[in-house]
Amino acid sequence: MTPASDSPSDPGARTGKTLFELSIGVFFLGGFLTSIVGLLVPRLTLTLGLDYTRALLVQFAFHLSYLLFAFPIAIAILRIGYMRSIVVGLSVMLAGCLVLIASAEWRSFVLVLLALLTLSTGITFLQIAANTVVTVVGPSRRAAARLTLLQGFNSLGTVLGPLIGAVFLLGSIGIGRAGPAGDDAVPFIAGAILLGLLAIAFYRQRNLLGKAALTPAGAVLGDLSVVLRDRRLLAGAVAMFAYVGAEVAIGTLIPNFLMLPEILHSPPLAAGQLVSLYWGGAMIGRFAGALLLRRIDAGLLLAVAGIGAMVLAVIASLAGGVTGAVALIAVGLCNSIMYPTLYALALPEDEAQAPLASMLLCMAVVGGAIVPLLTGVLADRIGLALSLLLPASCYLVIAGFAAGNRKSANPVAMAA
């Protein structure tokens, strides 16, 4: 695909502008709904009395699609094109929201898990298609700026999600007392409406990119064996697994952690809304990190962030009161640069291998299913605070990868 020129009057530039404006909604809604899903864990533990292991099946179902469906979705995207793939992804997400609305009382746990798997399958479409197309459509020298700004909208969604979602999912819950029927469906009703409108907007622009957006699947699949022999990429996938697992585990368990008597003994609503500080730190750190990465080696900064996150998680695990609460929330700041930096350091230098490499890194997001579930198992056996030592150890994996793979990262990939 040929990048658009810098001239505002050029058709390619107008195409890039239209795509960027549509993508704002994709990135924002992805962050908004993903952060609200995390609030289902405290909701389920309080209303259904589930232990941590069963409640964290929420994240297991939500992130499992990255492992199960990333490969066939990548092939589908290559066959039908980016714009139509985004329409499919938004439509599948809409279906997931509708099932969640239908089970608003959360009494059918199996139905909730099925809905979350459906929702995340749609997000997998967007994760692969939207990130790639926004990178390659538009002036190449501005790709980093475009993606950084779009990630800012994604982070805005993760900040607003808990602030708004907690009011409906946790607002009127006391220990052992559920809130008014139907309140917990409101965030997903709003999400379904916005997803429907966005899907219509993308469908109307389904031919925006023309045939240039299509890539022969066979040509890409021929590089699969080469990609799987890339040791740095495989190590990066392991580090990505650890990062997503740790970030999701901590972000999901923060409300329950803050509600512990020995921490803040916070009411459910306040605990849920404080999660916004965790994601807000990631949003602020992303832009600060973009500046630092102009002056500091990417591997070095990633190693420092990994060690910092590990230390903060250990402090949260062992210290009580406000100290533990602040330490755990502050992990979000360290998380901020990890995804784009890991992505940049792990990608092969041969651009032809980028589609399959991106797919492999996307599959590694299944860490968000495995690590939180294992953390929940530990929480049921040794206590929630001590179970945080597991995600803390994940940050050592990230720091180790960073220390062994220091190099200057592609600025475009850094913003992905």
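The values are calculated or read from the model by the stated rules, or taken from the named source; none is laboratory data. Note that this is a predicted model, so its numbers are computed, not measured. What goes into the accessible areas is simple: the full protein's heavy atoms, side chains included, and nothing from ligands, DNA or RNA. Shrake-Rupley method; radii C 1.70, N 1.55, O 1.52, S 1.80 Å.
Things to note:
- Relative contact order (%) - criterion: Cα under 8 Å, at least six apart; region: the stretch 206-339: 28
- Principal axis extents of the C-alpha atoms in the stretch 6-88 (largest first, rounded to whole Å): 59, 26, 17.
- Whole-number Å³ per residue for the convex hull built on Cα positions in the stretch 253-374: 117
- Using a probe radius of 1.4 angstrom, the carbon and sulfur fraction of the accessible surface of the stretch 278-363 is 72%.
- What the stretch 258-303 shows is 48 Å² of accessible area per residue, with the surface traced by a 1.4 Å probe over protein heavy atoms.
- Within the assembled protein chains, the solvent-accessible surface assigned to Met310 is about 40 Å², based on a 1.4 Å probe.
- Scaling against 2.2 N^0.38 Å puts the C-alpha radius of gyration of the stretch 272-321 at 1.36.
- Surface per residue (accessible, 1.4 Å probe) for the stretch 49-90, Å²: 35
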